[in-house]
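Please read the structure below before turning to the comments.
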Amino acid sequence: MSTSDALHPRTTLAASTLTASTVMLPLQQQLHQLQQEVEPQSQELVRGQTERETQRKHSEDELRIATAVFESQNTAVVTDPNGMILRVNTAFTRLTGYSAHEVVEQAIALLKSNRHDSFFSSDAESLRT
């Protein structure tokens, strides 16, 4: 430190304070600008996350309902659009005597007995759609 700095410590302190203020102001402005840019993006992320969570809960509810219906005492058979059996429930197995293993990936026509009238056949066919 020079003798002139030792004689005028306030001048040196003021100069360094002024320099710190000069540096801090642009940094604060940049920080404020970044916050303004990030805020809409973070709000969009929160909205997206909320929508996904709502969809997930809805899907879980639908799955619980489908499981309850499928595992009810009523016979249930799920087929693809071509009439291939994808899944059967326990009531189906009890009623028909077929195990799930025996009928899955088989055509629904497997269940045709030719003992039912045309009304039954047309009613069963309407269930495919």
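Numbers below:
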| quantity | calculated |
| --- | --- |
| Single unsatisfied condition, Asp5 versus (1) part of a helix (DSSP H, G or I); (2) modelled with pLDDT of 80 or more | (2) |
| Positions within segment 98-129 being in a loop (DSSP other than H, G, I, E, B), under 25 Å from Thr67 (Cα atoms) and at pLDDT below 90, in sequence order | Arg128, Thr129 |
| Residue list for segment 47-93, restricted to those being in a helix (DSSP H, G or I) and either exposed (fewer than 10 other Cβ atoms within 10 Å of the Cβ) or among the acidic types (Asp, Glu) (or both) | Glu51, Glu53, Glu60, Asp61, Glu62, Ala68 |
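The values are calculated or read from the model by the stated rules, or taken from the named source; none is laboratory data. All of these numbers come straight from a predicted model, not from anything done at the bench. Virtual Cβ from ideal backbone geometry, glycine too; neighbours counted across all protein chains shown.
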